[in-house]
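Notes to accompany the following structure.
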Amino acid sequence: MSVQGFVATLRNVVTLLAMSVAAVRDRYSALTASAVFLITFLIVHALGNTLIFMGQDALNLYGHKLVTNPVIRFIEWYLLGAFMLHVAAAAYISVVTGKYARVLQGIAGLRFSSDAVVMSVTGSVLLVFVVVHLGDFKFADIGTVEIDGEHVRDLYTQQLIVLGDPGHFLFYVTSVLCMALHLMYGWRAAIGRPSLGLPPQHRADALLLGYLLLLVISLCFLAAASRSHFGFKTYTFTKVK
């Protein structure tokens, strides 16, 4: 990977993030702009999940900041908008371009070689995962622990309980693998779109950078999930109130 390619990719991604909604000019730019914002969120979220290796207090304080910081609350609503925009743009493109019919034919015939089929199947799995994940952590009735005189949600214990279940753990791992495929195929398509503005000579570098990034994101999620699953058997649940 050349330095010029890395700098060009980073500059264009940051520009697209800064322009945000203003970058949305058509259905494809809506898809790309929302995808870049969601990938940025995934990076932060994946790194945040690895705090489980630093112990209960570290993860719980991180989770507490997510629900009490007003800036984070605004970003959550923005994230919801980006997610809905991404789903709507993808669905609209599939219907208008005729990909939807080919996707159904591919699924019915168990033919998953088509990019459109892979993106649709993995995207559907991720949509279900987001709903389940929010139910497990965002809207669940989670106990509290006291840290420095303040009661905070015991996200650590909740994560061990949820991912300690073999079914939940398998579903989580499957969803992470679907996320990796979705990112891989999506990034490969995005780097050639005008909304990202990458010169042709830098696209190979951008592709490699994206693949390395999605590998790191996936490994962070899988590592944190594995720590939760296998740590569940040895954890003593005495601190939940």
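The values are calculated or read from the model by the stated rules, or taken from the named source; none is laboratory data. Quick caveat, the model's predicted, so the values are computed rather than measured. Using ideal geometry, Cβ is built from the backbone for each residue, glycine included, and neighbour counts are taken over all protein chains shown. The area values use the complete protein model at the heavy-atom level, side chains included, leaving out ligands, DNA and RNA. Shrake-Rupley method; radii C 1.70, N 1.55, O 1.52, S 1.80 Å.
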Could you check the simple spin-label distance between residue 173 and residue 189, using points 7 Å along Cα→Cβ, in nm with one decimal? 2.9
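Just reorder 121, 216, 162 by solvent-accessible area, largest first, 1.4 Å probe, all chains present.
On the way: 121 50, 216 80, 162 15 Å².
Descending order: 216, 121, 162.
By how many nm would the segment from residue 216 to residue 58 lengthen if fully extended, with 0.36 nm per residue of separation less the alpha-carbon distance? Intermediate results must be reported in sequence, preceding the final value.
Values: separation 158, 0.36 × 158 = 56.88 nm, distance 2.10 nm.
That works out to 54.8 nm of additional length.
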Which value, in Å² and to the nearest 10, is the accessible area of residue 50 when all protein chains are kept and the probe is 1.4 Å? 40
Tell me, in nm to one decimal, what length is gained between residue 144 and residue 80 on full extension, where the rule is 0.36 nm per residue of separation less the Cα-Cα distance? 20.4 nm
Simple SL model, points at 7 angstrom along Cα→Cβ for residue 151 and residue 230; separation in nm is 3.6
